[in-house]
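> Sending over a structure as structure tokens; questions will come in a sec.
Quick note: the coordinates plus some simple rules give every number you see, no bench work behind them. Not measured: the values here are computed from a predicted model. So basically every Cβ, Gly included, is an ideal-geometry build from the backbone, and we count neighbours across all protein chains shown.
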Amino acid sequence: MRNLTNEEIQQLIRQHCKAEDWTKIEVAEPFHAEYIEEVAFSGKVRIGKMEAEYELPGGFRVHSGLYRANIHNCEFGDNVHIYNIHNYMANYRIGHDTCIENVHSIVVDGSSTFGNGVRVPVMNEGGGREIPIFDHLSAHLAYILTLYRHRPEVIERLTEMIDAYAESQRSTMGEIGNHVRIINCGSLKNVRIGDYAQIGGASVLKNGSLNSNEHAPIKIGSGVKCNDFILCSGVTVTDSTLVSKCFVGQGCEMGKHYSALESLFFSNCQGFHGEATAIFAGPYTVTHHKSTLLIAGMFSFLNAGSGSNQSNHMYKLGPIHQGVAERGSKTTSDSYLLWPAKVGAFTLVMGRHTKHSDTSALPFSYLIENATESYIVPAVNLRSVGTIRDAQKWPKRDNRKDPKKLDLINYNLLSPYTIQKMYQGQQVLRDIMRLSGEGTEVYSYQNCKIRNSSLRNGIKLYEIGIKKFLGNSLISRLSKTEWHNLDELRRALKPDNTIGLGEWIDCSGLIAPRAEISRLLTDIQEGRITTPEQIQERFAEMHANYYNYEWTWALDKLEQVWGKKVDEVEVADIVRAIEEWKQAVVGLDKMVYEDARKEFSLNAHTGFGVDGDAQQNSLDFENVRGKFESNSFVLSVLEHIRKKSALGDDMLQQVKSVQQ
């Protein structure tokens, strides 16, 4: 870099430029003064090379340079194009090949942490769960910060770590990365923008970070207003969406006038039309409808129907109530939950529920309104075609392109987390029947009702789900090693370690043994872990070892079924487990198959072929929806039955051939 020559200064003056002090301007070689026009400089300014052209949409071309701008204390990389800054640009470092046109102002005022350290009062609007957000916040760390308030020393140490990181980001200079496009925007104040971000028409961006990169650019559209925020890589925010005091995780999408206030959104969430206030939106929390409000709750893998909402205010001590919908829940159109309440994993909520129910011990259920009463249909979602489709589509809809993933997501429908709940659900249902009598028509549980037939069916469905999972784990374990006799078979079944026994939790996408989470928290509390990076490494270790931990847990359950330890297991025990697995898998698939058939029933033909007779209606239906027998999902179910049957038969043959 060098100072301007007298000739260059005179040329700039002829091009309607001025400077508070020309000696504070430094330029790179080669310098082309003709590409700086109508610019007022103040403070220290450094200007890189200006040798490239940009092609804008429609084929219009512009040359890099500085045009029509008031610039104070800025540094520009090579081939930057700045045009028409209406007010001024102050205290920014601009990367190379970045284009900024028609913006009101871009300024850092004082020192800023660019959204890091902002407190978000998630879940409880009355306070008490304030989460300090920062660039590398994961869903799992946020889960601990939100729900583990019973361990104040851990929360204090975590907060100190995050605050230390926030202070390390404090600066009086903002940064706009390389290959960034900022076009037709309003005010950008105390904002840090990563590489390859595309910002077109944003109204206000204030006190935040856009952690964009080449692999996963951030896109901001027209009318967007963001205050006190952090947007992770791959985020898209468009269509006059409002974001205030929010963390938005990797691959999230928000648009169509969505309003997000004081909330956390993690990987692959989608928010359109509606509103979120003080929510913890774990991975794949999705809401697409204008009339939907999510408030003061914790969700993950949620699909919120039109008109879904919750209440956290009883008009007494203020909006202090909260609720939890465990992973995989769905709410139908016009559903309502009065917090506090807890909805079990993979539960469908239909209608209005005001009795503060807790169905967490009964996963895969329906929670249905019937004449102001809440009815539970236990386990019925296990045979639902919708549940299976959801489990298949989530991995396919992972929008994250960033090679560095913040959230470590386990997509398994059946895991120690859900199976332990099935065990618990079976016991709950049996206890209800024992205490109230087998002949009772309607049972009461957690402010809800359960019909006798639903209760009995729930016990059976949970048993099928348990056998399917245990068989899955057993066959997976047997497939990973070679064995030729019973002793080798027993050794193959022995777990690699003892980690995995006991209760498991869903740490907002990360399924892990509770003991491992507790060990992590103890290490944080006692100072053995001192940085967010070390915490993320431990989460990654748990995620990578999931199947080893799962087998330890599953074998413990199998030993209970067998009534003997693995050292004593016989071929007949393993054969019986595989046969029960095969029966469970095929049985559930057949239930899903029949559930899918309902989508092709005569009732489903209603509204097709409006002006024709019954035959024309059917033809219209087939031409739009296709035939049941050729439906891709139906074919996949049949193929799954075939493959699993063949796998079971093959494994049975191998096990039976073992020499005693």
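> Considering Cα pairs under 8 angstrom that are at least six residues apart, work out the relative contact order of segment 1-107 and quote it in whole percent. Mind dumping the intermediate values first?
Numbers: 264 pairs, mean separation 20.8, N = 107.
Here the relative contact order equals 19 percent.
> Going by average Cβ neighbours within 10 Å, how do the peptides 80-89, 424-433 rank, with the highest at the top? Don't skip to the end; give the middle numbers.
Details: 80-89: 19.6, 424-433: 18.1.
Going from most to least packed, we get 80-89, 424-433.
> Specify the inter-centroid distance of segment 341-361 and segment 596-660, based on alpha-carbon positions, in whole Å.
31 Å
> Which ³J(HN,Hα) values in Hz, rounded to whole numbers, follow from the phi angles of segment 393-404 under the Karplus curve 6.51 cos²θ - 1.76 cosθ + 1.60, where θ = phi - 60° and Gly and Pro get x?
Working through the residues one at a time gives 7, 4, x, 6, 9, 6, 7, 6, 9, 5, x, 9 Hz.
> Calculated from DSSP H runs of 4 or more alone, at -39500 (n - 2.57) each and per residue, what is the 222 nm mean residue ellipticity of the chain, nearest 500? Could the numbers behind the result be given before it?
Values: 13 runs with 210 residues, N = 660.
Theoretical 222 nm ellipticity from helices: -10500 deg cm²/dmol.
> Would you please name the trypsin sites (Lys or Arg not before Pro) within segment 503-538 that are DSSP coil residues with at most 12 other C-beta atoms within 10 Å of their C-beta?
On the way: sites: Arg514, Arg519, Arg528, Arg538; in loops: Arg528.
For trypsin sites (Lys or Arg not before Pro) across segment 503-538 that sit outside H, G, I, E and B with at most 12 neighbouring Cβ atoms in 10 Å, the list reads Arg528.
> Now for a different question. Over segment 571-656, what is the relative contact order in whole percent, taking alpha-carbon pairs under 8 Å and six or more residues apart?
Relative contact order comes out at 48 percent.
> Please report the net charge: other residues with Cβ closer than 12 Å to the Cβ of Leu205, K and R +1, D and E -1.
On the way: positive: Lys189, Arg192, Lys206, Lys225; negative: Asp228.
Summing Lys/Arg as +1 and Asp/Glu as -1 gives +3.
> Give the long-range amide H neighbours of Glu51: residues separated by 5 or more places, or on another chain, with amide H under 5 Å away, using H modelled in the peptide plane at 1.01 Å from N.
Amide H neighbours of Glu51, under 5 Å, 5+ apart: Asn79.
> Gap in Å between the Cα centre of segment 153-188 and the Cα centre of segment 47-107?
Centre-to-centre (Cα) distance: 22 Å.
> Now for a different question. Would you mind computing Rg(Cα) / (2.2 N^0.38 Å) for segment 1-107, counting N as its residues? It would help to have the intermediate numbers written out before the result.
Working: Rg = 12.7 Å, N = 107, 2.2 N^0.38 = 13.0 Å.
Expressed relative to 2.2 N^0.38 Å, the Cα Rg reads 0.98.
> Moving to a separate point now. What is the helix-to-structure angle for 632-656, meaning the angle in degrees between its Cα long axis and the longest Cα principal axis of the chain, kept from 0 to 90 and rounded to the nearest 10?
60 degrees
> Let me know the shape class of segment 450-514, please: from the alpha-carbon gyration tensor, a ≥ b ≥ c as square roots of the eigenvalues, rounded when a/c is under 1.5, otherwise prolate if a/b is greater than b/c, or oblate.
Details: a/c = 3.25, a/b = 1.59, b/c = 2.04.
Since a/c reaches 1.5 but b/c is at least a/b, the shape of segment 450-514 is classed as oblate.
> Starting from segment 488-517, pick out the GluC sites (Glu not before Pro) whose DSSP state is loop and whose Cβ has at most 16 other Cβ atoms within 10 Å.
Sparse-neighbourhood loop GluC sites (Glu not before Pro): Glu503.
> Straight-line reach from Lys18: which lysines fall under 24 Å, measuring Cα to Cα and dropping same-chain residues less than 8 apart?
Lys44, Lys49
> Give the separation of the Cα centroids, segment 386-409 to segment 209-282, in Å.
18 Å
> Helix 614-625: angle to the longest alpha-carbon principal axis of the chain, degrees 0 to 90, nearest 10?
Its long axis makes an angle of about 60 degrees.
> Let me ask another. Any of Lys330/Lys598; Lys396/Lys643; Lys245/Lys393; Lys565/Lys656; Lys404/Lys590 with alpha carbons more than 28 Å apart? Name them for me. Could the numbers behind the result be given before it?
On the way: Lys330/Lys598 20 Å; Lys396/Lys643 21 Å; Lys245/Lys393 30 Å; Lys565/Lys656 20 Å; Lys404/Lys590 40 Å.
Listed pairs above 28 Å: Lys245/Lys393; Lys404/Lys590.
> Going by C-beta contacts inside 10 Å, put Glu125, Glu482 in order with the fewest on the left. It would help to have the intermediate numbers written out before the result.
Working: Glu125 21, Glu482 7.
Final ranking by Cβ density, sparse to dense: Glu482, Glu125.
> Moving on to the next point. For a quick check of your reading of the filter: which trypsin sites (Lys or Arg not before Pro) in segment 446-512 sit in a DSSP loop and have no more than 10 other Cβ atoms within 10 Å?
When the trypsin sites (Lys or Arg not before Pro) of segment 446-512 are filtered for loop state and at most 10 Cβ neighbours within 10 Å, Lys480 remain.
> Further question on the same structure: Using the Karplus curve 6.51 cos²θ - 1.76 cosθ + 1.60 with θ = phi - 60°, what ³J(HN,Hα) values do you get for each residue of segment 472-485, in whole Hz, with x for Gly and Pro?
With the stated coefficients, segment 472-485 comes to 4, 5, 5, 5, 4, 5, 5, 6, 8, 9, 9, 7, 10, 9 Hz.
> A further question follows. What does the C-alpha gyration tensor say about the overall shape of segment 274-426? Classify as rounded when a/c is under 1.5, otherwise prolate if a/b is larger than b/c, or oblate. Present the calculation step by step, with values, prior to reporting the outcome.
Details: a/c = 1.67, a/b = 1.19, b/c = 1.40.
The shape class here is oblate.
> I would also like to ask the following. Checking a compactness column here: for the chain, what do you get for Rg(Cα) / (2.2 N^0.38 Å), N being the number of residues?
1.15
> Same structure, new question: So what is the relative contact order for the chain, in percent, with contacts set as C-alpha pairs under 8 Å and at least six apart? Could the numbers behind the result be given before it?
On the way: 1591 pairs, mean separation 47.4, N = 660.
For the chain, the relative contact order is 7 percent.
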